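The values are calculated or read from the model by the stated rules, or taken from the named source; none is laboratory data. What you see is a predicted model, and the numbers here were worked out from it, not measured in a lab. Positions of Cβ are generated from backbone atoms using ideal geometry, with glycine treated the same way; all protein chains shown enter the neighbour counts. Just the protein is used for accessible areas: all its heavy atoms, side chains included, with ligands, DNA and RNA removed. Shrake-Rupley method; radii C 1.70, N 1.55, O 1.52, S 1.80 Å.
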Amino acid sequence: MSVLEDPYLWMENLKDPKVLNWALNEHKRTSDFLSQLSRKLEPRIAKYYSIPHIVMTSISRRGYFALIREEESFKIKLYKRSGEIIELIDSRDLGEDAVIQRIHASKEGDRLAFSYSYGGADVGALKIIDVDTREVVDELKGVIWGIVWLNKDSYYYVKLFREEPPPDGVSPPTTRVLIRENGKDEVVWGEGIPTSYFIDIKSSSDDSKALVTVSYGWSKSTVYGGELKNPESWNKIYGGKFIANPIDYVDQAYLIASYEDDGLGKILKVSDNVIETIIDEQKCPLQEAVTANGRIIVHYLKDAASLIKSFTFTGKLVDEVNFPVPGTIRSLNSIEDEAAFIYESFFTPYRLYAYNGEALRLIDSKEIRGDYVIEEAWTTSTDGTKIHMFIAKKSDAKLDNVLIYGYGGFRISKTPVFEPSIMPFIEDGGVYVVANIRGGLEYGEKWHKDGMRDKKQNVFNDFMAAIKYFKDKGAKVVATGRSNGGLLVSAVLTQKPELLDGAVIGYPVIDMLRFHKLYIGKAWIPEYGDPENPKDAEFLIKYSPYHNVRRAKYPPTIVYTGLHDDRVHPAHAFKFVAKLKEVNAPIYLRVETSSGHSGATPKTKIKENADILAFIYNVLGMSV
């Protein structure tokens, strides 16, 4: 059989009962194998899921809105500046399996928009509530983001046309800016923007300007700006051949974060076609920036750990905030004199901070107590590139049983975050490792570009070097990754199966010759390459895990996915498992009926993670 033949093409039809029967039968075999150990681990994972975890925050004049995963649901709360905390929304009131994904408050804090879906699907709905009465004042269906309030009852938003074309007829997926007034919608900007280009929009801090980004993939974008209430005035400001993101409009000039020349990121002032560098590249890569209190507040990474710097509008350094424990800053946003953000780390579920560019104020926090440590190590990839790693463990844990996580793509930096499902593993002496491999933004745009398209093999080599670092010290190693990280682990599995003691592959992209034909896979062509282009197909097929399954001694492997995943088609997982079964690999499939790419309810995730952790314990010979 030719490597290009696809005997499992039929598995891409999820409406075919034969496909679901096959998948659910495989799931039952996996469940029967893991259930005894899984039941023991489930309450231990649930204990850590019961700790509140702030997913994101949105600042307003009334205070700090927070989306919180808490107990068995997602809740939205308002932290008022008086110290009072008001609960506004509980996802259980939206229906079974509802997952709230994003929130965005109006500047006054009298309106709150939140996006949600069922079973963690991408396609869902957006509701807007009156914060005082809790009444729903508007609702939109689909994939919606970029809410910009024009007044209490009128706003812009970005709509993703996933399957149907926009009014101008461009093939999906593509995006347009719409205005919503009096219950009616009208496209106001983006006509003719091609397939797989994505728009984002926000307003300047003084509400005078629209700040619009049009991105093609994850390596180039263009900034547009103009009068907020006049979309016809929105014209190109900067960029087009590299990543550029708008920060604000201040003193008659646009502030833009730019990653020219494969750079680490600098901040420019653009006015009347005059371009001035305000804050030049630092040694650390720039992640994001906002303005507040006459300051530019910038989030940087130093060896994949977050720090904050504050500058004047002329670029003078005012303040720097380093955290004693390596961690992650998320959800940085601002209003007038104050910014808000979330900090977390491996053993810190969250800290919610306010910051005015000079002083940091803690609003709320949760910490895990115990004798835990975060260490750092370096290894060397095949081409001599140094690879940084975080090691989270109990202080007396030996390097016997290692679970290593990687991602490597789409400019996504992998930094220390709190993972409830990993805590029992660490409690029982396991060592959890995060490898900062190429493809992310941990070391700037060059680090990203060196892990995309025809350079994707660098990502796999980096991860294999990290695995080998621990194998050489006598450890058993299980590799884990999700989504693009699932591609990573499956590529390592098919290239060097002898390197792994076990593999955990979640919601993965695996068939690299057909990813663009499934759901919104066309959007990933800039990152991976185009399978329809013979030159791109040549490097894609070299590593495509689905096309490189061979007779070999594979380690025990579990592949897990969810039937509600409408971003990465479950067929990637199904087809790969079927191919591995052909060569008698010790392969297991777990299929969640109430989970998607955007997550699931805590109850569903606890069960999913208990099975995955049971598999890891089984492979490593660990006891509960």
Of (1) among the charged types (D, E, K, R); (2) in contact (Cβ under 8 Å) with a residue 40 or more places away in the chain; (3) open to solvent by 20 Å² or more (accessible area, probe 1.4 Å); (4) closer than 30 Å to Gly294 by Cα, Lys366 satisfies every one except (4)
Mind listing just one residue for me: the one in the stretch 460-498 that is in a strand (DSSP E or B) and of a type outside the set (A, V, I, L, M) and, of those, farthest from the chain's Cα centre (by Cα)?
Lys476
The stretch 258-269 - residue that is open to solvent by less than 10 Å² (accessible area, probe 1.4 Å) and in a strand (DSSP E or B) and, of those, nearest to Trp447 (Cα to Cα):
Ser258
Would you call Gly506 within 24 Å of Asp32 (Cα to Cα) and in contact with a Phe, Trp or Tyr (Cβ under 8 Å, 6 or more places away or on another chain)?
yes
Every residue in the stretch 186-203 that is open to solvent by 30 Å² or more (accessible area, probe 1.4 Å) and over 18 Å from Trp234 (Cβ atoms), please.
Thr195
I'm trying to understand the selection: among the residues of the stretch 297-328, which are touching a residue at least 40 places away in the same chain (Cβ under 8 Å) and of a type in the set (A, V, I, L, M)?
Ile297, Leu301, Ala304, Ala305, Ile308, Val318, Val325
Tell me yes or no: at least one residue of the stretch 136-143 is surrounded by 20 or more Cβ atoms within 10 Å (Cβ to Cβ) and not aromatic (Phe, Trp, Tyr).
yes
Scan of the stretch 586-610 for residues that are open to solvent by less than 20 Å² (accessible area, probe 1.4 Å) and small (Gly, Ala, Ser), ordered by number
Ser595, Gly596, Gly599, Ala600, Ala610
I need the helices (runs of 4 or more DSSP H) fully contained in the stretch 528-624, keeping only those with at least 3 residues that are modelled with pLDDT under 95.
602-620
Identify the residue in the stretch 528-538 that is of a type outside the set (Lys, Arg) and open to solvent by 40 Å² or more (accessible area, probe 1.4 Å) and, among all such residues, is farthest from Phe410 (Cα to Cα).
Pro534
Residue satisfying all of: in the stretch 405-446; within 14 Å of the chain's Cα centre (by Cα) and of a type in the set (Lys, Arg); modelled with the lowest pLDDT among these
Arg411
Can you name the residue in the stretch 539-560 that is touching a Phe, Trp or Tyr at 6+ places or on another chain (Cβ under 8 Å), within 24 Å of Val619 (Cα to Cα) and not β-branched (Val, Ile, Thr) and is also most open to solvent (accessible area, probe 1.4 Å) among such residues?
Pro556
Given the condition open to solvent by 10 Å² or more (accessible area, probe 1.4 Å), under 21 Å from Glu186 (Cβ atoms) and touching a Ser or Thr at 6+ places or on another chain (Cβ under 7 Å), answer yes or no: does some residue in the stretch 148-158 qualify?
yes
Unmet criterion (only one of (1) in contact with a Lys or Arg (Cβ under 8 Å, 6 or more places away or on another chain); (2) farther than 30 Å from Lys241 by Cα; (3) basic (Lys, Arg)) for Lys473:
(1)
Could you check the stretch 384-400 and list, in sequence order, the residues that are in a loop (DSSP other than H, G, I, E, B) and surrounded by 12 or more Cβ atoms within 10 Å (Cβ to Cβ)?
Thr385, Ala397, Lys398, Leu399, Asp400
Being in contact with a strand residue (DSSP E or B) (Cβ under 7 Å, 6 or more places away or on another chain) and either closer than 18 Å to Ser233 by Cα or at pLDDT below 95 (or both) is the filter here, so list the residues in the stretch 155-173 that pass it.
Tyr155, Tyr156, Tyr157, Val158, Arg162, Pro172, Pro173
Over the stretch 339-360, the set of residues open to solvent by 30 Å² or more (accessible area, probe 1.4 Å), within 19 Å of Ile296 (Cβ to Cβ) and assigned to a strand (DSSP E or B) is Leu360
Got a sec? Which strands (runs of 3 or more DSSP E) wholly within the stretch 24-119 have at least 3 residues that are under 30 Å from Leu589 (Cα atoms) and of a type outside the set (Ser, Thr, Tyr)?
98-105
Can you tell me which residue in the stretch 412-459 is nearest to Gln495 (Cα to Cα), limited to those that are among the polar types (S, T, N, Q) and not in a loop (DSSP other than H, G, I, E, B)?
Gln457
Taking the criterion of being β-branched (Val, Ile, Thr), closer than 15 Å to Ala523 by Cα, without any contact (Cβ under 8 Å) to a residue 60 or more places away in the chain and in contact with a Pro (Cβ under 7 Å, 6 or more places away or on another chain), would at least one residue in the stretch 177-199 satisfy it?
no
Within the stretch 221-244, which residues are open to solvent by 30 Å² or more (accessible area, probe 1.4 Å) and touching a residue at least 40 places away in the same chain (Cβ under 8 Å)?
Lys229, Phe242
Test: Ala66 is closer than 30 Å to Val148 by Cβ, surrounded by 20 or more Cβ atoms within 10 Å (Cβ to Cβ), modelled with pLDDT under 95 and not basic (Lys, Arg):
no
Meets criteria (acidic (Asp, Glu), surrounded by fewer than 18 Cβ atoms within 10 Å (Cβ to Cβ), modelled with pLDDT of 95 or more and in a strand (DSSP E or B)) for Glu320:
yes
From Val19, Val99, which residue is buried (at least 16 other Cβ atoms within 10 Å of the Cβ) and within 21 Å of the chain's Cα centre (by Cα)?
Val99
Are any residues in the stretch 509-525 touching a residue at least 40 places away in the same chain (Cβ under 8 Å) and either assigned to a loop (DSSP other than H, G, I, E, B) or touching a Ser or Thr at 6+ places or on another chain (Cβ under 6 Å) (or both), and if so, which ones?
Val509, Ile510, Asp511, Leu513, Arg514, Leu518, Tyr519, Ile520, Lys522, Ala523
